[in-house]
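Notes follow once the structure below has been shown.
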Amino acid sequence: MITTILLFLQRNEDFMKKYLNILKKSQLFAGVSEHELEAMLGCLSAELRTYRKGTYVLHQGESLKHITLLVAGSLLIQKDDFWGNRSIVNQIGVGEMFGEAYVAPDSGALLNDVIATEDSAVIFFDVNKILTVCSSACRFHSLVIQNLFYEISGKNRSLVQKLGHMSRRTTREKLLSYLSEQAKKQRSASFKIPFNRQQLADFLSVDRSAMSNELCKLRDEGLLSFERNRFQLYVDNSPSSEV
């Protein structure tokens with residue numbers, strides 16, 4: 001069940017206490033103070049929507065006219081083909097935007113589904129009001145437009161990284177490429193990934209059984225160890241804590 005609550009945030013103290021700090025830490029509102037953020041959000045026609053685990057936030061084929069930002073929970077961007085084979089495009093964490101590639105004129109309908117992997121809350125911002133600086137928003141509105149550009153640039157880099165994993169020829173090479181990137185990103189040889197086994201297989205577009213077998217081989221060779229979604233990488237078959 002989807003509960004939709006229209007909110008003008010500057011008039012909703014409970015909402016601000018719960019989510020304002022998350023918005024401040026997001027890339028979209030980087031450099032905007034709490035007071036300035038409160039003043040801006042009403043102008044952006046912010047709309048909060050909450051979703052139960054397993055429900056769809058967006059469906060393939062929909063049109064999108066909002067900048068969307070996750071403030072609670074976790075989402076997956078995924079696509080199923082005609083035969084039901086699933087591919088995971090990306091995982092969305094708290095404070096991250098999604099769907100921004102589809103808000104430009106003539107960008108077409110959504111190519112993927114967005115599904116909540118746990119109870120989640122998403123704020124929708126009217127893209128036209130973000131891109132059009134109103135008379136009362138002053139320079140901080142312009143800062144949000146700049147942040148939007150930086151955020152889209154970051155998403156493009158993430159897609160390039162994924163293409164790097166996908167371009168590897170074998171399941172083993174794809175796994176090592178992804179795990180190495182995660183270790184570098186988290187600056188530690190011990191880290192968690194945001195996927196379970198099936199989700200990781202869908203993200204790398206490999207067979208789950210083949211991937212699990214390859215993980216066991218890598219473990220037996222002393223290159224890594226794992227428990228659920230936590231991994232430890234080793235250099236020269238010996239434990240290492242930093243990358």
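Miscellaneous remarks
- For Tyr56, the solvent-accessible surface computed with a 1.4 Å probe is close to 70 Å², ligands and nucleic acids excluded.
- Per residue, the accessible area of the stretch 138-238 comes to 59 Å² when a 1.4 Å probe rolls over the protein heavy atoms.
- Between the helical axis of 34-43 and the longest alpha-carbon principal axis of the chain there is an angle of about 70 degrees.
- For the stretch 137-190, the carbon plus sulfur part of the accessible surface works out to 54%, probe radius 1.4 Å.
- In summary, the lysines within cross-link reach of Lys184, defined as a Cα separation below 19 angstrom excluding same-chain residues under 8 places away, comprise Lys155, Lys162, Lys174, Lys192.
- Estimated Rh, the chain: Kirkwood, alpha-carbon pairs, angstrom: 19.7 Å
- Gyration tensor (alpha-carbon) shape descriptor, the stretch 36-75, a/c threshold 1.5: oblate
- Taking the accessible area of the stretch 25-125, probe 1.4 Å, and keeping the other protein chains in place, the carbon and sulfur fraction comes to 50%.
- Heavy-atom accessible area, probed at 1.4 angstrom with all protein chains present, ranks Ser63, Ser225 as Ser63, Ser225, highest first.
- Cβ charges +1 (Lys, Arg) and -1 (Asp, Glu), total dipole of the chain, debye: 380 debye
- Relative contact order of the stretch 140-229, taken over Cα pairs closer than 8 Å and 6 or more residues apart, is 24 percent.
The values are calculated or read from the model by the stated rules, or taken from the named source; none is laboratory data. Not measured: the values here are computed from a predicted model. Counting neighbours? That spans all protein chains shown, and the Cβs are built from the backbone with ideal geometry, glycine included. Heads up: the accessible areas ignore ligands, DNA and RNA and are worked out on the full protein's heavy atoms, side chains in. Shrake-Rupley method; radii C 1.70, N 1.55, O 1.52, S 1.80 Å.
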